[in-house]
Amino acid sequence: MTAAIEVRGLRKTYRPAFGGRAIDALAGIDFAVQPGELFGLLGPNGAGKTTTVKILLGLTHATAGEASLLGLPARDPESRRRVGYLPEGHRFPGYLTARQTLSVFGRMSGVDHATLKARIPDLLERVKLGDWMDVKVKKFSKGMTQRLGLAAALVHEPEVLLLDEPTDGVDPVGRREIRDLLRGEAAKGRAVLLNSHLLSEIELTCDRVAVLRKGKVAAMGTVEELTKRDEEKRRDSLKGYRLAAAPLTEELVAEFGALGAQPERVNGHVRVLARDPEHLNSLIDAARQRGALLTEVTPEKSTLEDVFVDLVKAAPDA
């Protein structure tokens with residue numbers, strides 16, 4: 001099966017016009033996104049995420065390597081006909097309504113008037129803007145503008161979606177609705193490349209992720225694979241547990257400290273660190289001896305944020 005998005009050995013070097021040190025924005029990255037896959041691209045500022053997307057969109061050219069969309073070279077304008085793009089911080093003319101905005105974007109994408117007339121109301125309903133389709137965009141909140149941007153990216157029924165911070169400024173209910181929408185689009189066979197700083201959203205949404213660091217792919221895989229790998233790295237160190245006990249007195253917390261558990265109160269429970277199961281059981285015994293009733297003992301699991309922070313902090317040659 002032909003990958004919907006593919007980059008191989010992709011490099012981009014920026015050379016100052018008047019001398020100075022060349023900057024490698026990309027130092028040879030490889031990844032592929034298959035049709036129907038939700039793929040997250042992560043990395044700190046300057047890691048190469050924006051450069052990668054610019055190369056895919058033909059906004060800049062690679063120094064070396066290859067990038068393709070739906071089997072066509074990214075430098076070929078034809079490759080972008082079936083791509084929907086949502087840039088970060090996008091703006092729409094405030095004097096247009098939502099319906100008019102999508103009509104403009106649809107016509108620029110080559111969709112005929114009759115098709116747009118039928119498609120736009122349904123699309124606005126899908127992004128929860130059905131009651132606002134004839135309201136001027138200048139009255140939209142940031143979250144509503146974000147939803148409209150997603151609709152604009154979908155108006156020509158693309159096969160590939162490139163989305164930059166799609167849930168920025170959207171409330172928690174809206175973020176869930178957008179996640180459900182993106183899963184629905186992937187189920188139709190669309191490939192989705194998602195670029196976001198909201199790691200929790202990536203973790204909840206994407207099938208696979210790639211973490212960029214200094215222009216290279218520092219790690220790639222499913223969220224489960226990456227977090228499991230992180231947990232294995234931490235296996236020889238102290239393991240965190242969430243304990244909920246009643247009553248959770250200062251004396252009990254102090255005793256946990258005396259037992260070397262480095263306790264920390266967090267939202268009505270206490271986080272402790274245990275060397276091994278025997279150490280954990282000694283903490284539980286201490287709680288019972290003080291008359292506390294344990295209602296929860298939960299081991300902490302690595303999150304995508306843990307993986308991300310560890311990779312970003314790692315030495316360049318790690």
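Where a number appears in this text, it was derived from the coordinates with a stated rule and is not lab data. Since the structure is predicted, the reported quantities are computational estimates derived from the model, not experimental observations. Don't worry about glycine lacking a Cβ; one is built from the backbone with ideal geometry, like all the others, and counts go over all protein chains shown.
Things to note:
- Lysine pairs in the stretch 5-229 whose alpha-carbon atoms fall under 26 angstrom of each other, counting only those eight or more residues apart or on distinct chains, come to 26.
- Length gained on full extension, A32 to H90, computed as 0.36 nm times the residue gap minus the Cα-Cα distance: 18.2 nm.
- With Cα atoms, 0 to 90° folded angle of helix 142-154 axis to the chain main axis: 50
- The chain: relative contact order as a whole-number percent, Cα under 8 Å and 6+ apart: 19
- Taking the convex hull of Cα positions in the stretch 78-145, its mean projected area over all directions (nm²): 4.9
- Exposed trypsin sites (Lys or Arg not before Pro) absent - longest run of the chain, DSSP non-H/G/I/E/B, at most 15 other C-beta within 10 Å: 92-187
- Rounded to whole Å, the principal axis extents of the Cα atoms in the stretch 235-301 read 31, 21, 16, largest first.
- Cα extents for the stretch 197-310 along the principal axes, largest to smallest and rounded to whole angstrom: 53, 26, 20.
- Here the extension length gained between N281 and D24 equals 87.4 nm, from 0.36 nm per residue of separation less the Cα-Cα distance.
- The label-point distance for V309 and D134, in a model that sets each label 7 Å from Cα toward Cβ, rounds to 5.1 nm.
- Distance (nanometres) between label positions extended 7 Å along Cα→Cβ at T2 and M108: 2.6
- Over the stretch 125-218: Kirkwood hydrodynamic radius from C-alpha pairwise inverse distances, Å: 14.3
- FRET efficiency for the pair K54 and A244, taken as 1/(1 + (r/R0)^6) with r the Cβ-Cβ distance and R0 = 51 Å, rounds to 0.60.
- Approximating the spin labels as points 7 Å out from Cα along Cα→Cβ, the L294-to-T115 distance works out to 6.2 nm.
- By the Cα gyration tensor, the chain has an equivalent ellipsoid whose semi-axes, rounded to whole angstrom, run 44, 27, 16 from largest to smallest.
- The stretch 235-301, relative contact order in percent, only Cα pairs under 8 angstrom and at least six apart counted: 49
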